[in-house]
Amino acid sequence: MVPLEIFPLPRPLDRFGTAFPSALADLYANAYAPRRGVVLDPLAHPWSAADAAERADRRGVARSREPLGEWARRAIALAPAGDEILAALDRVGESALVGTPHRVAMRELYGSTCATCRGPVIVEAFLWERDAPTPTKKAFRCGICAREGRALLIEAVTEDDEQSSQRLEQRGMAYWQFVERFGPDPNAQALGESTAALYTPRNLTALVATLRAVETAVSASPARDVLLLCVLEVLISGSRLNTLAGRGAPLRVEKGRARRSHASQSREVNVWLEFDRTVRELVAWLAQHPSPARARSATLALDTGDADLVLCQAPVEDALGGWSAVAAVALLGIRGTKPTVVLGPGRGLLSAWIKRAHLAVGEKVRESALDFREPLEIVRDVTLKREADRDDPNLKRHVRVYTIYGREAVFTDDDDVVLGDLAGMGPAPAASSSPPSPFPPPDPAHTP
Ligand SMILES: [Zn+2]
């Protein structure tokens, strides 16, 4: 047994998964990869196996089928000095896209009064009962009457709070600005609209305004990427999936739509306050824990070469779920299609697709597939077509014939169980084709 160090990550990095234990990376790297060798991590996120490999003096190459994790790892590796990030945060607070400085507009949005002293306070969270038209309680700190503002007070909302919670339209400007990011495709719009419906009008307004302030007040730069990464935190915790105890649940997407929470209560956190805190906490943490890939950050995207070792930690739970795809669209503007098919070595995955497609001779189906068979997985549209049945002399039986990509032929039995293919996957004595060619070198430039 290797003693595994526990290495807690700050928010929002902990939403991607846990830090890969460096002792394990050392063990595997020393056993299987030469010094400076290439370690491929197919489940990339900040402090995943690729970063642990960097700490073990190997080159960690990070790839992911979700663009968000890989992007986040680079954002952290390229993060500038804390002062620069905090200066960018200041510019966001001062930005006056709609006339008032963003920070002031946010103070007004979450403003209320202390029930004891009637002084003005900023609400940190409103508590909602499921399906209620207004919140029932508010949590805030009062600088006048409660321990110099340190204690969090929870009181019933007033009539003014109820009115301010209803002042904004459910489908106001922020709603459509959010949905617009998903593009014109009707399926993507349905995901955008169902996701937008997960927020109170107040929090959707704050989320979209903060995102727009980041995009307009800070030019494209490593500092902006760190801020965008922190918007991910409030994209999740600012939604109605945030319960009283937690920080927001994984997003479940069903039939292309975001599923609502079934929790009886939710916490409407102050989006701007949580964003500001997340940035400051992350900056403080990064000052103590610079990314292991930082030294090579300029060349991370250029890294090529055959992987000596593939190393990753299969996540125990997926804390992001559909948030990963939603954030890629809403924060990064990546409108990718989500793969519906997985192609990998072996017959099981392909059989599953062929069975599900249930094609008659001559029919075809086109789906987005994650192709796992190459050294670096890629996502592309793939056509599956059923050709005429035939009697195969090599397999010595009647077979169904399917082609994928219009060229790779696959043989199945009458139950659509794959028997073999042209790459020599058939039973060994029956194979007549040459063995498959070795893997070409990875090509990061053409990988999603
Ligand atoms: Zn007070």
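The values are calculated or read from the model by the stated rules, or taken from the named source; none is laboratory data. Note that the coordinates shown come from a computational prediction; the quantities given were computed from them, not determined experimentally. When we count neighbours, we look across all protein chains shown, and the Cβ atoms used for this are built from the backbone with ideal geometry, even at glycine.
For this structure, a couple of remarks:
- Leading residue by the ranking (nearest to the ligand (Cβ to nearest atom)) among those in the stretch 71-119 that are over 28 Å from R202 (Cβ atoms) and of a type outside the set (G, A, S): D83
- Some residue of the stretch 163-171 being within 15 Å of V269 (Cβ to Cβ), within 16 Å of the ligand (Cβ to nearest atom) and buried (at least 16 other Cβ atoms within 10 Å of the Cβ): no
- Conditions (1) more than 21 Å from L211 (Cα to Cα); (2) away from the ligand (no atom under 16 Å from the Cβ); (3) surrounded by 12 or more Cβ atoms within 10 Å (Cβ to Cβ); (4) not hydrophobic (A, V, I, L, M, F, W, C): number failed by Q177: (1)
- For the stretch 120-148, a residue qualifies if it is within 13 Å of the ligand (Cβ to nearest atom) and of a type in the set (F, W, Y), and exactly one does: F140.
- In this structure, A325 qualifies as out of contact with any Ser or Thr (no Cβ under 6 Å at 6 or more places or on another chain) and modelled with pLDDT of 75 or more.
- Neighbours by Cβ (under 6 Å, 6+ apart or cross-chain): first from the stretch 180-193, touching a residue at least 24 places away in the same chain (Cβ under 8 Å) and assigned by TED's automatic domain parsing to the domain that holds L251; second surrounded by fewer than 18 Cβ atoms within 10 Å (Cβ to Cβ) and not in a helix (DSSP H, G or I): G183/R335; N187/G256; A190/G256; A190/R257; L191/G256
- Residue within the stretch 197-205 that is β-branched (V, I, T), crowded, with 20+ Cβ neighbours inside 10 Å and within 16 Å of the ligand (Cβ to nearest atom) present: no
- In the stretch 106-132, the residues that are touching a helix residue (DSSP H, G or I) at 6+ places or on another chain (Cβ under 6 Å) and hydroxyl-bearing (S, T, Y): S112
- Hits in the stretch 140-197 (condition: under 20 Å from L109 (Cβ atoms) and basic (K, R)): R141, R167, R171
- Highlighted here are the strands (runs of 3 or more DSSP E) found entirely within the stretch 1-115 that include at least 3 residues which are surrounded by fewer than 24 Cβ atoms within 10 Å (Cβ to Cβ): 111-113.
- Residue selection: R91 fails the criterion of being touching a residue at least 60 places away in the same chain (Cβ under 8 Å), out of contact with any helix residue (DSSP H, G or I) (no Cβ under 7 Å at 6 or more places or on another chain) and of a type in the set (D, E, K, R).
- With respect to the stated conditions, L153 fails to be surrounded by 16 or more Cβ atoms within 10 Å (Cβ to Cβ), away from the ligand (no atom under 13 Å from the Cβ) and more than 25 Å from A213 (Cβ to Cβ).
- Conditions (1) within 16 Å of the ligand (Cβ to nearest atom); (2) polar (S, T, N, Q); (3) under 25 Å from A327 (Cβ atoms): number failed by T158: (3)
- Of the residues making up the stretch 382-402, not one is in contact with a helix residue (DSSP H, G or I) (Cβ under 6 Å, 6 or more places away or on another chain) and either loosely packed, with under 15 Cβ neighbours inside 10 Å or modelled with pLDDT of 90 or more (or both).
- Residue check, D57 touching a residue at least 60 places away in the same chain (Cβ under 8 Å) and over 26 Å from E274 (Cβ atoms): no
- Matching residues in the stretch 182-203 - criterion: being hydrophobic (A, V, I, L, M, F, W, C) and not in a helix (DSSP H, G or I): F182, A197, L198
- Neighbours by Cβ (under 7 Å, 6+ apart or cross-chain): first from the stretch 99-120, in contact (Cβ under 8 Å) with a residue 40 or more places away in the chain; second within 16 Å of the ligand (Cβ to nearest atom) and among the basic types (K, R): S112/K138
- Residue pairs whose Cβ atoms lie under 6 Å apart, sitting 6 or more positions apart in sequence or on different chains, and linking a residue in the stretch 12-25 that is over 18 Å from F275 (Cβ atoms) to a partner that is of a type in the set (D, E, K, R) and assigned to a helix (DSSP H, G or I), are S22/R55.
- Filter result for V379 (at pLDDT 70 or above and not assigned by TED's automatic domain parsing to the domain that holds A307): no
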